[in-house]
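Since the structure comes first, as C-alpha cells, the remarks are kept for the end.
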Amino acid sequence: MHLRLKSTKPITQHHDLFHLLSFAHTSSITSRPICTKTENNSHDRSFLPPDHSPIVDGLISIFQNRPFSPHTLHSPETVDFGSKLTPTIVETVLKSLQNWKIAHLFFNWASQQPGYRHTCYTYNVMASILSRARRNDQLRGLALELVNSRCLMTPGALGFFVRCLGGVGLVEEANSLFDRVKKTGLCIPNSYSYNCLLEALAKSTASVCLVEVRLKEMQDLGWEPDKYTLTPLLQCYCNAGKFGKALEVFNSMYEKGWMDTHVVVILVVSFSKWGEVDKAFELVERMEDHGIRLNEKTISVLIHGFVRESRVDKALQVLDKMRKLGYLPDVSVYNVLMGGLCRNKDVEKALILCSEMKNLGVYPDVEILTKLVSILPEGDMVKLLEDGQEELGSEAMILLYNSILNGLVNKGSVSEVYYLLRAMMGDEYDCDVQMDKVFRTKKMVHPDTNSFDIVIKYLCKTDNLDMALGLYQDMVQMNCKPSCLLYNNLIGSLSNANRVDECHKLLGDMKESGVQPTHFTYNSIFGCLCRRKDIEGAIGMLKEMRENGHEPWIKHTTLLVKMLCKHGRVAEASNFLSSMVQEGFLPDIIPYSAAIDGFVKVQEVDRALQIFRDIGARECCADVVAYNIIINGLSKAGRVLEAHGILNEMQEKGLIPSVVTYNTLIDGLCKNGDIDQAKLCFSTMVRKEREPNVFTYTTMINGLCNEGRPNEALELWTEMRELGRAPNRITFMTLVHGLCKCARPDDALLYFQEMEEKGMTPDTYVYVALIEALLSNSTPLLAFKILREMFHSGIFPDPNDKNQLWVRLREAICKLSKDARTQSDIMSLIGEGSIPIISSLSDIVIEDGMEPIA
C-alpha cells in the first residue's frame, strides 16, 4: 500500500529540499547503523601481544592504587612502562579504568611519554569516557588537543568523536572540529562522518539552514544520502517545527523502504507536540499494517497528547490499543487519563477506569485518588476512602486527606475546611456540615503538621485570625510541632491586622520550639512597628535582626520615614536612620531620600543638605531622585547657584539628569529672576536629548512673562504645540495671566477663549488679571463681560479673606461702576444678587452719590 501523509494545511513544495532528496537510486544502505557506545574489550586481550599484558596490568595497578600519589608517576617502574607504550596498550588501559579522572590523568601522562603518540583510536576511547561522564570542559579541551596534535583520523573515527561531542550538547564544537579536521587534511570525511555530524546537529537547536548546508555539502562530494542521513534531517525539521518539510522527508523515506520504529516515533512525537494527535494516531495505525510496532513510551506520548487536547475519549481508545499490544500501562498513564476525566467531571468513566486499574493489579496512588475525590459525590467518596484505608498506609491516607483539605480550600469552603480538621482531631461538634459523615471511616486519620499548615494559612488569608490562633493552640497541645511556614503565616497576618503583641508572643513560642525565625518573620513584625510609628519598638527589632543576621526590608524603613515626615516629625525620622546606622545597617537611598524631602518641605534645606552629604560619606550612592530632591530644595530656597553646582556634581558621578532635574532647576532660575540662565538650561536639556514636557514649557512661559518678555513666551508656546505637547489647564492659565501682566490683554483674551472652548475652567486669579488688563486697556465693556461670566460661573473670591485678590476685584468693580458705559450693568448685576455681599458693594454706590441698594 502506498502511503503519503500530508499536513492538515496545504504544503508549499520546497524545491531546494526536493533537490537535496532527489538522489540516484540506492539499492542498499551502505552505512551501518550508528552506535553511541564503544565496546569494552578490557577483559578480551587476545589481540594483545603476550609481552603487553604485564604492562597493561602494571599500569592499571599503578593508576588505580589508593591513595594515588603523583610521585608514583616518576617511579622507575612507571618510567619503564612509559617507554614501552603503544596505542593498543593505552586503549586497553583506558577501557579498564573505572574513574574518568584517573583515565584522563593516564591519558595526559601517556601523551608526555617519549616516543609515544596518541592515535585517533586512543582519542576516541578518551572522548567516549568523558562523554559518558558528561565532562564537557575536558571533552572540549580534548577536541582542541586532537586538532593541534595533527593526529590523522579515519572517517569512522571522526564520526565517532563528533557523536561524542554532540551527545553532551557540544554541537558548535562538533561542527568546528569537523571543519578543522577536513580543512587541515587530517581526514577525508565519508558518508558515515557526515551522518554523525547531521545527527549531532539534529539533537540541538542548530539552525535548519546549517543542517541543509551540510547535506548539500555531502552530496556535492559525491556521498549519497541514506536512511541514516535522512533520519537526523527528519529530527531537525521536527525540532524546528517545519511541519511541511518533515513530511516531505518522511514520505521520501517511506518510498525508499527506509521505515523503522525510530523514524515513526520521531514523527509521532512531533505530531503530538504540534497538536496533530489525529495524524499521529493515523500514522500509528498505518505503520502497524506494515509490521512496524511502536513501543510503550510512544503510545504514552499519544495518550498525553489527546488528553492535552481535551480529547479524553480518543486517549481511552489509545489505552485500549496499548493493552491489546500487550503493554501494561503504568500509574503515570492512568494519572494523566484520570486528570482529563476529572477536569471534564466525567464521574462514571473515572470510576470505571479506577476499577479497571484494580483488576489489572495497578492500585491508584494518592495523586489519582486526590483527583477522584475532587469530583465524587459523598457516597462514592466514603467508599473510595474505605477502600483506600485497606490499600494505602497511614502516611498515604494523611496525604489524601490533606489533598481533600486543599480541595475544600480551593472551593472557598471555610466552615468545611475548619470542621473537617476538627473531625480529624477527633472533636465532636454540632454543626450543619455534611463532611463529618464522609470522614468517619473505619479508622481515624490524625492530622499532621501539613494539615494544620493548610487550614491555618487559609484562615489567615480569609481574616479568620481567632479561629487560626485557636487551631494553633490545639496543635501545640497535641504535641504537633508547628512549622516555620505556619508561624510565618500567623505572624504575617497578625502584623497586617496591627496585633503586634500577639506577634511578639508567637515569636517567643517560635524560638522556644526550636524553629528559627526567618527574615520574613522579623520583617513582618518590623513592618507592623513601622506602620504604628513605634520608633523605639522598631529600633529594638532592628537590634534583634542584626543579632540573627537579617536585613530590614527597604519598604518598611521607607514607610516609617515617610509617615514621620508627613506628620512633621522629620527630626525623628532622621534620628531613626542614624540609629539604623548605629545598629550596623546602612539604609537604602530610598528612605534617605524620604528624609531629605521631609526637611525640604519644612524649609530646613541645610539639614537636608547635611544628610545628602552624610550618605555620600557612608558610601551610599545617591541616585537621580535624591539629587532631584536636593536641587529642588536649594532652588526653592533661592540658592540656585548651589543647585547648579549639585547638578554638575551629579553629572561628574556619571548620573544622567532626568527631565525632572532640569525642570526643577529651570523653575528655581525663573523664580529667582535669572531667565537667561533658565533659557540656557532649557537649551542644554534639549541638547542632552531630555525632551522638555508641558511642565517645562509652562515654567519657561511663566518666567519669560514675569520678566516682561511676552514675545519669547509666545514663541515657546508655538514651539510646544508644533512638537505635539498639548498645553493643559495650568499652561493656558499661566500664559493668559502672563500676557495680562505684560499689558497684552487682547492676546490674553484670545487664549482665554480658546481655553474655555477646550472645556478648561479658569481660576479666580486669571479672571481678575484679565479684568484688570482689559480695564487698563480702556475696554470696560469687555472687562464687564468677563466679570459677569465670572459671577455666573460661581467663581468669586471670598470677601472675608483678607487677601489682595478680593481687594483687586473690588477696585475693578468700583471702576466699572464709575464708568458710564458699564455703570447701569453693574447696578443690574448688584440687583440680581450676583455679588455675594451687597453691603461691601454699597459703599461703592454711596461714594458715587447714589442711593444704596437695600
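The values are calculated or read from the model by the stated rules, or taken from the named source; none is laboratory data. No experiment lies behind these values; they were computed from the predicted model shown. Reconstructed Cβ throughout: ideal geometry from the backbone, glycine too, with neighbour counts over all protein chains shown. Each accessible area value is taken on the protein alone, full model and side chains, heavy atoms only, with ligands, DNA and RNA left out. Shrake-Rupley method; radii C 1.70, N 1.55, O 1.52, S 1.80 Å.
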Report, by residue number, each residue of the range 107-136 that is charged (D, E, K, R) and either within 19 Å of G169 (Cβ to Cβ) or under 39 Å from the mean Cα position of the chain (by Cα) (or both). R132, R134, R135
Scanning the range 561-604 residue by residue, those touching a Leu at 6+ places or on another chain (Cβ under 8 Å) and open to solvent by less than 10 Å² (accessible area, probe 1.4 Å) turn out to be V561, V570, A573, F576, M580, P587, P591, Y592, A595, G598
May I ask you to say which residue of M755, M685 is modelled with pLDDT of 90 or more, touching a Phe, Trp or Tyr at 6+ places or on another chain (Cβ under 8 Å) and part of a helix (DSSP H, G or I)? M755
Please determine, by comparing only the residues of the range 137-180 that are more than 35 Å from the chain's Cα centre (by Cα), of a type in the set (D, E, K, R) and closer than 21 Å to Q112 by Cα, which one is surrounded by the fewest Cβ atoms within 10 Å (Cβ to Cβ). R150
Give me the pairs: first residue in the range 145-160 and part of a loop (DSSP other than H, G, I, E, B), second residue charged (D, E, K, R), beta-carbon distance under 8 Å, and six or more apart or on different chains, which are they? S149/R117; C151/R117
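Matching residues to (1) closer than 26 Å to L105 by Cα; (2) touching a residue at least 40 places away in the same chain (Cβ under 8 Å):
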site: G167; (1), (2): yes, yes
site: A174; (1), (2): yes, no
site: D179; (1), (2): no, no
site: D220; (1), (2): no, no
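So which residues in the range 215-237 are more than 20 Å from I292 (Cα to Cα) and open to solvent by less than 10 Å² (accessible area, probe 1.4 Å), if there are any at all?
L215, M218, P225, T229, L233, C236, Y237
Just name the residue that is surrounded by the most Cβ atoms within 10 Å (Cβ to Cβ) out of those in the range 272-286 that are of a type outside the set (G, A, S) and under 13 Å from K314 (Cβ atoms).
Here the answer is V277.
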Which numbered condition trips up T761, out of (1) assigned to a helix (DSSP H, G or I); (2) in contact with a Lys or Arg (Cβ under 9 Å, 6 or more places away or on another chain); (3) closer than 27 Å to S793 by Cα? (1)
Counting only residues that are polar (S, T, N, Q) and closer than 15 Å to L816 by Cα, which one in the range 751-804 is surrounded by the fewest Cβ atoms within 10 Å (Cβ to Cβ)? S778
Just one listed residue, out of L714, L749, L723, is more than 21 Å from N672 (Cβ to Cβ) and over 50 Å from the mean Cα position of the chain (by Cα), and it is L749
Selection from the range 721-756 of residues more than 14 Å from T696 (Cβ to Cβ), charged (D, E, K, R) and touching a residue at least 12 places away in the same chain (Cβ under 8 Å) yields R729, K741, R744, D746, D747, E754
Give me the helices (runs of 4 or more DSSP H) completely within the range 256-338, filtered to those with at least 1 residues that are of a type in the set (A, V, I, L, M), touching a Cys at 6+ places or on another chain (Cβ under 8 Å) and within 30 Å of E224 (Cβ to Cβ), ordered by residue number. 261-273
Could you tell me which residue of the range 324-373 is nearest to I398 (Cα to Cα), considering only residues that are hydroxyl-bearing (S, T, Y) and either open to solvent by 70 Å² or more (accessible area, probe 1.4 Å) or within 32 Å of the chain's Cα centre (by Cα) (or both)? T370
Log entry, pairs with first residue in the range 565-586 being over 13 Å from E604 (Cβ atoms) and small (G, A, S), second being part of a helix (DSSP H, G or I) and open to solvent by less than 20 Å² (accessible area, probe 1.4 Å), beta carbons closer than 8 Å, six or more apart or on different chains, reads S579/L542
Give me a count of the residues in the range 805-826 that are open to solvent by 80 Å² or more (accessible area, probe 1.4 Å), among the small types (G, A, S) and in contact (Cβ under 8 Å) with a residue 24 or more places away in the chain. 0
Which numbered condition N136 misses (of (1) under 25 Å from N99 (Cβ atoms); (2) touching a residue at least 40 places away in the same chain (Cβ under 8 Å)): (2)
Can you tell me which residue among I611, I630 is of a type in the set (A, V, I, L, M, F, W, C), surrounded by 15 or more Cβ atoms within 10 Å (Cβ to Cβ), within 35 Å of the chain's Cα centre (by Cα) and closer than 30 Å to E572 by Cα? I630
Which is among the polar types (S, T, N, Q), in a loop (DSSP other than H, G, I, E, B) and open to solvent by 60 Å² or more (accessible area, probe 1.4 Å), of Q98, Q113? Q98
Kindly establish whether T558 is hydroxyl-bearing (S, T, Y) and either under 30 Å from Q473 (Cα atoms) or touching a His at 6+ places or on another chain (Cβ under 7 Å) (or both). no
Please determine whether any residue of the range 190-207 is of a type in the set (V, I, T) and open to solvent by 50 Å² or more (accessible area, probe 1.4 Å). yes
